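First up is the structure itself, then whatever we jot down about it.
The values are calculated or read from the model by the stated rules, or taken from the named source; none is laboratory data. Bear in mind that the values here come from a model prediction, so they are computed numbers and not experimental data. As a convention, Cβ positions derive from the backbone with ideal geometry for all residues, glycine included, and neighbour counts pool all protein chains shown.
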């Protein structure tokens, strides 16, 4: 019986068994007891070689995102990798796609590697809000290794989340549009992710507070695709709106192109606000007002907290909310 057998019988990685053997605080109590029970059952006593394998820390972090071609994801991975290298850590990157089974399978695959912890980038990992079972695989992963989430929130032991304050960001920009006399504010989104739900809740709250009805026909689901969004808006002949709040800059640029085709003046007749303050916001004409979701701050905070947990055994917050900033450009007049 050796450390590899204990890992197989316990259903955990070799690194997790090594953490238990070395008394590391990085393993959840439930997983620790499961490994210890197997060790007791098989009368396993770690030898000096097992303790000296250096498996307790491989200084490697697993990072999973849905799609690295997405600008937000690509920037997040770049920020994460840069911060990890400053602490002497390497990373393994994987792209899971957006389907539930794909996400679950990729998390299992990443856990089979000898990683110190796992980072999930993007709010789609927090489910669609319809069932807690959608995120059970994350809680199961956290039994073996700490899980850090960027812009997604899942409750559970050994899970640490850093999120942009999307609710108040969209609330604030909607209130500013209302303050300029806008009454038909179109909310454009492309998913039911945790982030999108927070943004929609901020939009709803701002309208309700101003005494405006929350109208379903002014909640417009599209793709995060410029041409697709433009063409969908052009196809809706009876959709009337005087402003747009979009959950991504790509969607907002689609609305801007719609205005160009229709001969609608921006911002005089139509105000538009995007999200994430990406290169798209300054690459269009006129330049786009957009919400800076502080992705760099989220990534730096995540890695700083990770190092505190992994190397110092410190106590860290399980949830951090980072305020966003409205970057005013030429598509709004507030």
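Quick look at the values:
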quantity	calculated
Matching residues in the range 277-294 - criterion: being under 9 Å from residue 330 (Cβ atoms) and either within 16 Å of the chain's Cα centre (by Cα) or in a strand (DSSP E or B) (or both)	289
Test: residue in the range 236-248 that is assigned by TED's automatic domain parsing to the domain that holds residue 183, under 23 Å from the mean Cα position of the chain (by Cα), within 19 Å of residue 333 (Cβ to Cβ) and modelled with pLDDT of 95 or more	yes
So residue 304, is it surrounded by fewer than 18 Cβ atoms within 10 Å (Cβ to Cβ), under 24 Å from residue 152 (Cα atoms) and in contact (Cβ under 8 Å) with a residue 24 or more places away in the chain	yes
Condition broken by residue 168, with the remaining ones in (1) touching a residue at least 40 places away in the same chain (Cβ under 8 Å); (2) surrounded by fewer than 22 Cβ atoms within 10 Å (Cβ to Cβ); (3) not in a helix (DSSP H, G or I) satisfied	(3)
Matching entry among 194, 187, 148 (being more than 30 Å from residue 306 (Cβ to Cβ) and touching a helix residue (DSSP H, G or I) at 6+ places or on another chain (Cβ under 6 Å))	187
Matching residues, the range 234-256, being in a helix (DSSP H, G or I) and either in contact with a strand residue (DSSP E or B) (Cβ under 8 Å, 6 or more places away or on another chain) or closer than 19 Å to residue 291 by Cα (or both)	249, 250, 251, 252, 253, 254, 255, 256
Exclusive hit being out of contact with any strand residue (DSSP E or B) (no Cβ under 6 Å at 6 or more places or on another chain), at pLDDT below 90, at negative phi and in a helix (DSSP H, G or I), set 78, 50, 37	50
Condition broken by residue 273, with the remaining ones in (1) touching a residue at least 12 places away in the same chain (Cβ under 8 Å); (2) assigned by TED's automatic domain parsing to the domain that holds residue 229; (3) over 24 Å from the mean Cα position of the chain (by Cα) satisfied	(3)
Hits in the range 197-215 - residues which are crowded, with 21+ Cβ neighbours inside 10 Å and either under 28 Å from residue 120 (Cα atoms) or free of Cβ contacts under 8 Å to residues at least 12 places away in the same chain (or both)	198, 199, 202, 203
Flag if residue 218 is touching a strand residue (DSSP E or B) at 6+ places or on another chain (Cβ under 6 Å), crowded, with 22+ Cβ neighbours inside 10 Å and more than 25 Å from residue 149 (Cα to Cα)	no
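Here's the yes/no breakdown for (1) part of a loop (DSSP other than H, G, I, E, B); (2) in contact (Cβ under 8 Å) with a residue 60 or more places away in the chain:
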| site | (1), (2) |
| --- | --- |
| 67 | yes, no |
| 110 | no, no |
| 124 | no, yes |
| 149 | no, no |
